[in-house]
Each structure stands twice: as C-alpha cells, then as structure tokens.
Amino acid sequence: MAAAQLEKTRRVVFLSVESLNAEALYKSFLDKNLDAFLELGDRGTYLDREELRRFFELSLPGVDELMTWMRIGELAEENPDAIVVVDTAPTGHTLRMLGSAEHFKQFAAALDAMQEKHRGIVRQFARRNVRDAMDVFIADFEAQATRRRELLTKSGAFIPVLLNEPWVIEQT
C-alpha cells in the first residue's frame, strides 16, 4: 500500500452511530423553516397562516425519505473527509430517498413562485425591483439542496450495500 494511502487510512475516524428518526428530523426542519414557509405561503397563496401551519404539520407522504436525505447531506457537509455509511431501508425507499434532491429543487421553485407574486406587487407599487429576506431564504434553501445533491451524487459518494439476491440487484 502506498504511504499516502496508508496515511489516509490511518485518519479514518469512527464518528457516530445515529438512528435517523424522520419525525424528529421533520420537527427540527419545521422549527428552522416554518416561519419562512408561512410568510411565503401568505404572500403567494390564498391560504392563511393557520391553514398553512396545519398543512405543514401533517404527516406528509415521503417526508421520511426527504428528511433522511437532508440529514445524510448534513453529515456529509459537516464531515467532508469522512465516509458516511447508511444502513438504509428496503431498496424502493432508498431510491426515493436518493431522488429527494429533485423534490427540494421543485419545492424551492414553488417557494420562488409564491415570492414572485409578492415581487410583482412591490414592483407595481414601488416601481422598482426589491429583494427581501424571503428571497435570501429561497436562495439559501435552493443552494443547500444543490450542494447536498452534488455532494451525495459525486463519484463514489454513494455505494449501495445490498443482499446478493437477483431481485435486489435488479431493483438497485
């Protein structure tokens, strides 16, 4: 083994074992983002804040995979030299989780569409383009999702570990 490779091997550190609780991850996600989601929804939909709050507090289909994807990306960002190993759910859930980047991109586009209604009103009355904190929030939200997508899809970032069964290999 080359000396550089051996040195790199020596620096491998066991970070932690973490059980990913999607419900807790979603609560944390909402704690951080709900105010902005409510503001944007209030600006760009006919729903009031309480209706929007009730919507976001529902148990939404696919939220487990979305939150897991976000947490794995967060771990990868926090530990750029580490290999993040995830014992995942069955293949179908894992494939949906890996597709979460596209869902966050679509959600950011929906938030931007809501904000565009607000921008249009401000342009109409102020006769100028004005960017505000919600524009910054949307840009940051989209940039975070893009960074994590790039991090998790780069060559070698995700290596499936699977049962040696034909149907599992085919599905993967």
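The values are calculated or read from the model by the stated rules, or taken from the named source; none is laboratory data. Just so it is clear, the structure is predicted and the values come from calculations on it, not from any experiment. Reconstructed Cβ throughout: ideal geometry from the backbone, glycine too, with neighbour counts over all protein chains shown. Accessible surface is based on the protein model in full, side chains and every heavy atom, while ligands, DNA and RNA are left aside. Shrake-Rupley method; radii C 1.70, N 1.55, O 1.52, S 1.80 Å.
If you go through the range 43-62 and pick out every residue that is open to solvent by 90 Å² or more (accessible area, probe 1.4 Å), assigned to a loop (DSSP other than H, G, I, E, B) and more than 18 Å from Phe104 (Cα to Cα), you end up with 1. The numbered conditions (1) out of contact with any Lys or Arg (no Cβ under 9 Å at 6 or more places or on another chain); (2) modelled with pLDDT under 80; (3) surrounded by 14 or more Cβ atoms within 10 Å (Cβ to Cβ) are all true for Phe29 except (2).
Restricting the first member to the range 101-118 and to residues that are under 19 Å from Met67 (Cα atoms), and the second to residues that are at pLDDT below 95 and of a type in the set (D, E, K, R), the beta-carbon pairs closer than 6 Å and six or more apart or on different chains are Ala101/Arg149; Ala108/Glu142.
The C-beta contact set for the range 52-64 (first residue closer than 20 Å to Thr88 by Cβ, second residue among the hydrophobic types (A, V, I, L, M, F, W, C) and surrounded by 15 or more Cβ atoms within 10 Å (Cβ to Cβ), distance under 6 angstrom, 6+ apart or interchain) comprises Asp64/Ala22.
Within the range 146-163, the only residue that satisfies the criterion of being at pLDDT below 80, surrounded by 12 or more Cβ atoms within 10 Å (Cβ to Cβ) and either outside any loop (DSSP other than H, G, I, E, B) or in contact with a Pro (Cβ under 7 Å, 6 or more places away or on another chain) (or both) is Leu152. If you go through the range 6-23 one residue at a time, do you hit one that is out of contact with any strand residue (DSSP E or B) (no Cβ under 6 Å at 6 or more places or on another chain), assigned to a helix (DSSP H, G or I) and either closer than 30 Å to Asp135 by Cβ or at pLDDT 75 or above (or both)? Scanning the range 6-23, I find at least one residue that is out of contact with any strand residue (DSSP E or B) (no Cβ under 6 Å at 6 or more places or on another chain), assigned to a helix (DSSP H, G or I) and either closer than 30 Å to Asp135 by Cβ or at pLDDT 75 or above (or both), so the answer is yes.
Out of Ala101, Ala108, Ala76, I need the residue that is over 24 Å from Gly44 (Cα atoms), open to solvent by less than 40 Å² (accessible area, probe 1.4 Å) and among the small types (Gly, Ala, Ser). Which one? Break it down stepwise before answering.
Values: Ala101 fails: over 24 Å from Gly44 (Cα atoms); Ala108 fails: over 24 Å from Gly44 (Cα atoms).
Answer to the check: Ala76.
Among the residues making up the range 63-97, those that are more than 20 Å from Ala143 (Cβ to Cβ) and assigned to a helix (DSSP H, G or I) are Val63, Asp64, Glu65, Thr68, Thr91, Gly92, His93, Thr94, Leu95, Arg96, Met97. Being acidic (Asp, Glu) and over 18 Å from Ser28 (Cβ atoms) is the filter here, so list the residues in the range 65-107 that pass it. Passing the criteria: Asp81, Asp87, Glu102.
What residue, among those in the range 111-145 that are of a type in the set (S, T, N, Q) and open to solvent by less than 60 Å² (accessible area, probe 1.4 Å), is modelled with the lowest pLDDT? Reasoning before the result, please.
Residues of the range 111-145 of a type in the set (S, T, N, Q): 115, 124, 129, 144.
Then drop every residue that is not open to solvent by less than 60 Å² (accessible area, probe 1.4 Å), which leaves 115, 144.
Numbers: Gln115: 93, Gln144: 90.
Selected residue: Gln144.
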